[in-house]
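The values are calculated or read from the model by the stated rules, or taken from the named source; none is laboratory data. All values reported here derive from a predicted model rather than from experimental measurement. Don't worry about glycine lacking a Cβ; one is built from the backbone with ideal geometry, like all the others, and counts go over all protein chains shown. Only protein heavy atoms, including side chains, enter the accessible area calculation; ligands, DNA and RNA are left aside. Shrake-Rupley method; radii C 1.70, N 1.55, O 1.52, S 1.80 Å.
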Amino acid sequence: MTDKKLYLTRPQLIAELDRCLGCKNKPCMKACPVNCNPQEFIAKAKANDFIGATETIARDNPMGQTCGLICPDKFCMQACTRAHLDFPINIPRVQATLLEKYRTKETAVHPKPQANGKKIAVIGAGPAGIAATAELSRRGYRITLFEGFEKIGGALNLIPENRLPSEVIAKDWSFIDDPNMIELRLNSPVDNPATLLKQGFDGVIVATGEPEGIDLGIEGEDLAVSYLDYLRHPEQYAVDGNIAVIGGGAVAVDCALTAGNLGAENVEMFVRRRVSDMRITNEERKSLLDAGVDLTTMSRVKKIGTDGKRLTLYTAKNRLNHGKPEEIPDTTIARSGFSLVIKAIGSTARRHPDSDFIVYAGDCKNGSSTIVEALASGKTAACNMNEKLLP
């Protein structure tokens, strides 16, 4: 069951709606990668047209509820005029709350698209692939969506359940899925997109994300667990001792919080730079503090060792030299007693150029990004494909 704390209460929602100034220049919309219009859906909600508000959100954002729960504060909230007066409206949470409380299948009925006779294959059912599927199916394309794993969501499935319940991803998808236009094939990886063109598809959109974790390049690295493996099945690594997380980004935060929730006695993050340099939201910083996660900053892990039962990290202190961290000589120490070490410094994928009828989208095209940027990339790929096929 979805945690009610993820959403605003009715009084909180009304209070946030009332704070909106209705700016005519719509800075919040201009800052949104998918061009969602908070000024419009908030105005409708203030007028008690909650159904109209949900339709406005869905018009531009196919995963509006998911996005509202995890979108960072650097887009619409940072652009919000109220940020210069007191503090910004929590637009993402307002969006998620409106969809959770007022969106229903009965109110979300849209005209059935007229099939245009074209078939598109979309590889990868993460945010970019889902956005491309939603956009193209609305335009009359029949879509076959190939997903290599057993459920949709892609990297969204790595986010802890208490931040993003899996039922929310499924709910957003339920408003996109159209059996007449979309066929979802789970557990169906595709190694070579070009083979799909030979099978009769008119075009292929590849949105496979970044499936390969970045290596540390240090001795003993094989003793650590990749965040990709850890977050997919954290229960397989549940330990109650000391856990180290190497990295200082959003996925490292998810690893640290998940380890704490699973009973780790101590969780320590090793970060190469300062706390102020960590590319995480204020909410994520607060979550680390609330969970009692220890942040060891300006530190580099040089080696991982073992005594057979516990793991040892050999770390050195860093200092900044013209903005870049460099190791301070003679500062290496051994930190022993870790039950588990998780490497969470990011992921990567081979980059491919677009061809005539194969278009790439999301992280496999642009590198690691936020959910809303991946959604925008998927929509852009869909529009590009449409121009190729129906100029």
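Structural remarks
- Residue that is surrounded by the most Cβ atoms within 10 Å (Cβ to Cβ), among those in the stretch 286-331 that are small (Gly, Ala, Ser) and in a helix (DSSP H, G or I): Ser287
- Matching option when the condition is under 25 Å from Leu164 (Cβ atoms) and either in contact with a Gly (Cβ under 8 Å, 6 or more places away or on another chain) or open to solvent by less than 20 Å² (accessible area, probe 1.4 Å) (or both), among Gly140, Gly124: Gly124
- Within the stretch 81-92, residues that are within 15 Å of Thr281 (Cα to Cα) and in contact (Cβ under 8 Å) with a residue 24 or more places away in the chain sit with their Cβ atoms under 8 Å from residues that are open to solvent by 40 Å² or more (accessible area, probe 1.4 Å) and acidic (Asp, Glu), at 6+ positions apart or across chains, in these pairs: Pro92/Asp73.
- Single unsatisfied condition, Asn366 versus (1) open to solvent by 60 Å² or more (accessible area, probe 1.4 Å); (2) under 25 Å from Ala224 (Cβ atoms): (2)
- Screening Ile358 on (1) under 23 Å from the mean Cα position of the chain (by Cα); (2) closer than 19 Å to Ala134 by Cα shows it passes everything except condition (1).
- Yes/no for Leu158 being surrounded by 15 or more Cβ atoms within 10 Å (Cβ to Cβ), within 16 Å of the chain's Cα centre (by Cα) and farther than 21 Å from Lys105 by Cβ: yes
- Helices (runs of 4 or more DSSP H) contained in the stretch 1-113 and holding at least 2 residues open to solvent by 20 Å² or more (accessible area, probe 1.4 Å) and among the charged types (D, E, K, R): 10-19, 38-46, 50-60, 91-102
- So Leu99, is it touching a residue at least 12 places away in the same chain (Cβ under 8 Å) and closer than 28 Å to Asp18 by Cβ: yes
- Count of the stretch 185-220 residues which are closer than 15 Å to Gly124 by Cα and open to solvent by 60 Å² or more (accessible area, probe 1.4 Å): 9
- Exactly one residue out of Phe41, Phe50 is in contact with an Asp or Glu (Cβ under 9 Å, 6 or more places away or on another chain) and among the aromatic types (Phe, Trp, Tyr): that is Phe41.
- Every residue from the stretch 188-240 that is free of Cβ contacts under 8 Å to residues at least 12 places away in the same chain and β-branched (Val, Ile, Thr): Thr195
- Boolean, Glu373 is touching a residue at least 40 places away in the same chain (Cβ under 8 Å), out of contact with any helix residue (DSSP H, G or I) (no Cβ under 6 Å at 6 or more places or on another chain) and open to solvent by 30 Å² or more (accessible area, probe 1.4 Å): yes
- The one condition in (1) closer than 21 Å to Gly260 by Cα; (2) without any contact (Cβ under 8 Å) to a residue 40 or more places away in the chain; (3) touching a strand residue (DSSP E or B) at 6+ places or on another chain (Cβ under 8 Å); (4) small (Gly, Ala, Ser) that Ala334 fails to fulfil: (1)
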